[in-house]
1. Would you be able to tell me the number of residues in the range 732-752 that are surrounded by fewer than 19 Cβ atoms within 10 Å (Cβ to Cβ), within 37 Å of the chain's Cα centre (by Cα) and assigned to a loop (DSSP other than H, G, I, E, B)?
2. Return the pair list, or none, for Cβ contacts closer than 6 Å from residues in the range 389-400 that are over 10 Å from Phe426 (Cβ atoms) to residues that are among the aliphatic types (A, V, I, L, M) and outside any helix (DSSP H, G or I), at least 6 apart or on different chains.
3. Out of all the residues in the range 577-587, is one or more over 29 Å from Pro795 (Cβ atoms), open to solvent by less than 30 Å² (accessible area, probe 1.4 Å) and touching a residue at least 24 places away in the same chain (Cβ under 8 Å)?
4. Residue by residue through the range 312-340, note down the ones that are in contact (Cβ under 8 Å) with a residue 12 or more places away in the chain, surrounded by fewer than 21 Cβ atoms within 10 Å (Cβ to Cβ) and more than 24 Å from Val468 (Cα to Cα).
5. Can you tell me which condition Met265 does not meet? The list is (1) open to solvent by 50 Å² or more (accessible area, probe 1.4 Å); (2) in a helix (DSSP H, G or I), and all the others hold.
6. Any residue that is over 15 Å from the mean Cα position of the chain (by Cα), surrounded by fewer than 18 Cβ atoms within 10 Å (Cβ to Cβ) and more than 12 Å from Lys448 (Cβ to Cβ) - is there at least one of those in the range 364-373?
7. Tell me, yes or no, whether the range 519-527 has at least one residue that is without any contact (Cβ under 8 Å) to a residue 12 or more places away in the chain and of a type outside the set (Lys, Arg).
8. Please work out which residue is least open to solvent (accessible area, probe 1.4 Å), limiting yourself to the range 292-311 and to residues that are of a type in the set (Val, Ile, Thr) and within 11 Å of Ile281 (Cβ to Cβ).
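The values are calculated or read from the model by the stated rules, or taken from the named source; none is laboratory data. What you see is a predicted model, and the numbers here were worked out from it, not measured in a lab. Counting neighbours? That spans all protein chains shown, and the Cβs are built from the backbone with ideal geometry, glycine included. Heads up: the accessible areas ignore ligands, DNA and RNA and are worked out on the full protein's heavy atoms, side chains in. Shrake-Rupley method; radii C 1.70, N 1.55, O 1.52, S 1.80 Å.
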Amino acid sequence: MLSNIFNKLVKPKAKATEIPEPAPPTSEEKNTPPPKKVFSPNWQPGDVIIDRYKVENVMSGSMGKVYICDHLGWGIKIAIKSPRPQVLADREGMKRILTEAKSWVHLGMHPNVAACYYVLSLEKIPHLFIEFIDGGSLDDWIKAGRCKDLRTTLSLAIQFCHGMEYTHSKGLIHRDIKPQNILVTKNALLKITDFGILLDQKKISGKDTGEKEAPLTLSEDDAENESTVGFRGTPGYASPEQFRDAHKVDRRTDIFSFGLCLWMMLCGQKPFKRNVQRNEIPEPVPANPVVTFPPILVELLKKSVAFDMEDRYPDFAAMRADLNEAYTSLFKVACPYAVLTNIDLRADSMNNRAVSLFELGREKEAVACLQHSLEINDLLPEAIYNLILLRWREGNSTPQRILRQIEATKKRFPKMTLLDDMELSFKEMIAAQRKKEPLPEIQFPEYKLCTPKVSVEIFREGQLYHSVQRSVRDHLRNKRFEECHNVLLTAWRNNGFKKDKILNNVYEQLLPIGEKESVAGAQRFLTLKGTDSPVTCLASVPGTWKIASSGPDGLLKLHDLSKPKQNPEILGEKNKPIHSLAVSSDGERLAFGTEDGKVRVWSINQGKNYPIEIAHKAPITALTFSPDNQWLVSGDLDGNIKFYGLATQKARTISIPESGGIRSINYLNKNLDLITGSDDSKLRIWSATDNEYIRIIEAHQVPLVTLSAAIDGNRFISVSQDHDVKVWESSTGRNLKSFQAHEETITSAIILPDKWTVVTGCEDDILKIWNSETGNCVYTLDGRGDGITSLALGPKPHTFLAGRQDGAILFWMIIYKLRFH
């Protein structure tokens, strides 16, 4: 019954459709006159649109009606823009609104740009679903006299420059800048909106697209027109070149339009009546008579509205610099909005894109966006929430597993409250299961949106983080290593050990200087996409950034961590399912054992097979190279162990049929003592001189899963099917510590080169980091897949790899607390 409930999804009763890309007109359509009239929806306050959007207010805009609605699922206000019928009266108008609206959607998020979530067809009319801004437009601020204060105006202008720098960096030109299209939140954060006539420079750069736009015409009656005309601009704010050919303009057209806005803000009027003709620029006169413009501001106002493009600012970064200089000359301090640092909202944008695609029913694309979001920012709370919710909705995981994933996430991010309600739901569900009580029908919560930033606090947060970066670099440069490390750890603990280019670089420089004291945290550094076949065998190639992987699909893959987007190299032909894998310490040879009992060796540098083949009569389940690379040792499910001399090309076989099958082989030290673990739950330590075992340890009550030895050989760990991990002293065979690591089957475990940190992976997709001396779990991680299938040491001593059931490979970095002498 539970699985049936898990598979039942709750969806809206009625659903809008996404606007498809318009097809090119047929010859018949070209000769068919456009419809004379297009009817628009006419919703009223209180109406609920497609069961999702409750209309709160209706406003009129230059492009049509704007419906301010409550999104009943997300719990936020949203603006739905309905275009004027005239805009949609011909096929070309429809095509442009769709193409250009999609450009706005893909523009992504920026603190100074209003977000467009998606475009939907409502009553056969395309509507834009946009972030709601609560403080009114710049036009409202100007009319209310709020821009007479120079501090306010310059701060808003600098924010506008940030938004346009971002827009232009995406290759997009606005072409309709005016006070009505610039919004301000109640907290004084400026947002640029109405990207309805965007021009994509990437598409037209150096090419004639063949798309023509009629030039703007301007009569005396239109001179002060501030309504958007078609898709070409607003006559009252259009640049001179925009009148000539609105399709062949560059970013300087937006400079001109905003220059006119600045005149309205600072002077209360535009410098001239008609933009289409060359005019002499008058001296700017402040609207506030008690204000005096500094010379730099006078020059800025003139330069921004120059008739010739070459005489204007080349870009908004240059304008922003002069605006800040004017601010500094007036107030003797730099504007707090002058620099927008450490603002990377790519992950937020991708998460919101995923939520939008879920809303549109395009789940496959939504999942890809969600994964991309977490690849950019592994710690984004909304994306983590959405991934767990997706697992719940798919119904392919048990409540117990999902609860463990929630608990693992909350341990890593103790301040994250998004999962509280979901955690409670699963606890109640599991309790009802145990009592065999009927379960209520599940009402799935909504996917979470990253709410666009609406407060100027984002500037202050960026500046604070910038000061942290300066501090750690200054401490490092002056060799104050302990202070540097303390600032670094504090910053990382506050943000959940988020990836950061500067902080990671400083940490890498501190590692060889300090002494590792304890594990402070872990960082998911990279995820290599899978091929749907479980990664059951995994190893890094010493001295390189390459890693080898294999599994049931029989393919041996060589990945390059320095080129994560590159497809892995496939070594040789597809074999039988591969059950074991080993890499020589010199990074030259790669051995793999298959289900048909064959052991093959591959030369990594030469890219070909070695002319040797070791044959068993049963599947090869264990492989290892000796530390001196002279021996290759293999074990099979019949309990046979073969020692193959790579130089002599001679082999010797030892049979232990009572073992029930060899599961793991490890060399303990440079003396070539060897340890094996088998299905009879026993550990056997072998002498390097005569290949006879020195000691047999009755280690577990159930078959062994894996072994891992510390680099110095002083200790090793064993893992069994009873979920136990045991730490052993090599010289005496004494059990130093035992602990139950997971609630489900442990698939793999490794000891890191620090000799005391153990990592375990479980089929429930949970990874745990342990202190083997105390037996305490110091960190819990969620693999964010459908199960951990293998673990391996990474290319650096403080890294490790984890293979997943879905074929993905995770690259983790351990963050240590360091001691400096």
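1. Number satisfying all stated conditions: 3.
2. Short answer, once both residue conditions are applied: Arg393/Leu9.
3. Narrowing the range 577-587 to residues over 29 Å from Pro795 (Cβ atoms): none.
No: zero hits.
4. Hits for the range 312-340 are Pro314, Asp315, Ala317, Asp322, Glu325, Ser329, Leu330, Phe331.
5. Of the numbered conditions (1) open to solvent by 50 Å² or more (accessible area, probe 1.4 Å); (2) in a helix (DSSP H, G or I), the odd one out for Met265 is (1).
6. Among the residues of the range 364-373, at least one is over 15 Å from the mean Cα position of the chain (by Cα), surrounded by fewer than 18 Cβ atoms within 10 Å (Cβ to Cβ) and more than 12 Å from Lys448 (Cβ to Cβ), which makes the answer yes.
7. no
8. The extreme case among them is Val305.
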